[in-house]
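Here is the structure we will look at, set down as structure tokens.
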Amino acid sequence: MPKLRILILGTGGMAKQHVLLLRADPRVEITGAADVDVGRARSFAEAHKIPNVFAALEEALAWGQFDAAMNVTPDSVHYPTTMALLDAKKHVLCEKPLAESFRLADEMATAAETAGLINMVNLSYRNVAEIQETRARIASGEIGEIRHVEASYRQSWLVGNQWGDWRSEPKWLWRLSEKHGSKGVLGDVGIHILDFTAYAIAMMPISVQARLKTFHKAPGDRIGDYPLDANDSATMNVEFSNGALGVIHASRFMTGYANDLKLAVFGTKGALEIHHSLQETTLRLCSGPDVHTQTWRSIKAPPVETNHHRFVSAVLAQKSCEPSFRRGADLQRVLDLCQTPEASGAARVG
């Protein structure tokens, strides 16, 4: 069977992870790498033994010898590059967030659907086996009707130097600057914890009340060409379609946590709690007679396929897959709403 030929578009820090996940799939051949920084693209291609290098997407499209693309470009470039790929009839897995706004994300989703092309937004925490197990157990009714949800995405790179010095490194500074395309912690990891929550319980928020905060971090709130004006902490009070309430928050000031996601779902018959970090993932359940003694027991989750594996399978079978561009657009609708004056109250979604 011929292998699926894939182009890596954008060869920055995240691109290596895409290559590693794709190389684990024998059905894949990575045929090219493209980046506006052609020197970086050449170095990346040499390191990963990728045969063809392009200085622009247009060059890669003119060559055309690929079936699908991993779009690992900066957030602000997702829309134009993905639309060009769709116009060329290429299947696309795009990094999150899908676009800078719901309007653009919706246009991308509609274009992919109209063209009949396989599309996926890389909400990478779908790869966590425990979130899949949580969703299955909730769907089975094991913890009853959901009544309350708590979720958080915890980082502390504005406090510690575990990932380097944000004051001097552009790869971190741009994330703090709206001028450089950042939507702050809300747009960077808020989309992850929102999907982590909504996917687990199989419900999207129907209303949201949000608070965003940008803290003083440098003289004049600027470092060089970077105004430090993107939000550092975000909180969402949400309501779901069954009436359940939830608190979802994210911050870069959660000292002691490098990159942790926590989710607790409380129902009428029990509760489930996930803690996912760079070191380990745990899943606990309190249900049945244990609800009377507040006893929690650990749950083992079976392995799951990665987004990349499912994307390749979908392209080869010509069947749609999740999380799709439509999912990315639906999440972006909520995130956009969080940045409006209406979100200071309880704003309706949609």
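The values are calculated or read from the model by the stated rules, or taken from the named source; none is laboratory data. This one's a predicted model, so the numbers in the text were calculated from it and none came from an experiment. When we count neighbours, we look across all protein chains shown, and the Cβ atoms used for this are built from the backbone with ideal geometry, even at glycine.
The residues listed here are Thr197, Thr134, Thr214; of these, the one that is modelled with pLDDT of 95 or more, touching an Asp or Glu at 6+ places or on another chain (Cβ under 6 Å) and not assigned by TED's automatic domain parsing to the domain that holds Pro74 is Thr214.
For the structure I just gave you, tell me whether Gly267 is touching a residue at least 12 places away in the same chain (Cβ under 8 Å) and surrounded by fewer than 16 Cβ atoms within 10 Å (Cβ to Cβ). No; evaluated as a whole, the condition is false for this residue.
Within the range 46-65, can one find any residue that is closer than 24 Å to Trp163 by Cβ and either assigned to a helix (DSSP H, G or I) or of a type outside the set (Phe, Trp, Tyr) (or both)?
To start, the set of residues in the range 46-65 that are closer than 24 Å to Trp163 by Cβ comprises 47-48.
Subset that is either assigned to a helix (DSSP H, G or I) or of a type outside the set (Phe, Trp, Tyr) (or both): 47-48.
Yes, that holds for at least one residue.
Scanning the range 111-127 for residues that are buried (at least 23 other Cβ atoms within 10 Å of the Cβ) and in a loop (DSSP other than H, G, I, E, B) yields a count of 2.
Restricting attention to the range 185-233, the residues being in a helix (DSSP H, G or I) and either without any contact (Cβ under 8 Å) to a residue 40 or more places away in the chain or under 17 Å from Ala250 (Cβ atoms) (or both) number 19.
Results for (1) surrounded by 16 or more Cβ atoms within 10 Å (Cβ to Cβ); (2) under 19 Å from Lys3 (Cα atoms); (3) outside the structural domain of Arg103 (by TED's automatic domain parsing), shown as yes or no for each residue.
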residue: His292; (1), (2), (3): no, no, yes
residue: Thr295; (1), (2), (3): no, no, yes
residue: Ser298; (1), (2), (3): no, no, yes
residue: Ala314; (1), (2), (3): yes, yes, no
residue: Ala317; (1), (2), (3): no, yes, no
residue: Arg326; (1), (2), (3): yes, no, yes
residue: Arg333; (1), (2), (3): yes, no, yes
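Looking across Gly256, Gly288, one residue alone is loosely packed, with under 14 Cβ neighbours inside 10 Å, closer than 21 Å to Gln162 by Cβ, modelled with pLDDT of 95 or more and touching a Lys or Arg at 6+ places or on another chain (Cβ under 9 Å). It is Gly256.
Output yes when any residue across the range 75-92 is crowded, with 20+ Cβ neighbours inside 10 Å, out of contact with any Asp or Glu (no Cβ under 8 Å at 6 or more places or on another chain), outside the structural domain of Thr235 (by TED's automatic domain parsing) and within 30 Å of Pro302 (Cα to Cα), and no when none is. Yes; the residues of the range 75-92 include at least one that is crowded, with 20+ Cβ neighbours inside 10 Å, out of contact with any Asp or Glu (no Cβ under 8 Å at 6 or more places or on another chain), outside the structural domain of Thr235 (by TED's automatic domain parsing) and within 30 Å of Pro302 (Cα to Cα).
Can you confirm whether Phe102 is at pLDDT 95 or above, farther than 23 Å from Glu29 by Cα and not charged (D, E, K, R)?
Working: at pLDDT 95 or above: yes; farther than 23 Å from Glu29 by Cα: yes; not charged (D, E, K, R): yes.
Taking the combined requirement at face value, the residue satisfies it.
If you go through the range 45-63 one residue at a time, do you hit one that is in the same structural domain as Leu20 (by TED's automatic domain parsing) and in contact with an Asp or Glu (Cβ under 6 Å, 6 or more places away or on another chain)? Checked against the condition, which is being in the same structural domain as Leu20 (by TED's automatic domain parsing) and in contact with an Asp or Glu (Cβ under 6 Å, 6 or more places away or on another chain), the range 45-63 yields no hits at all.
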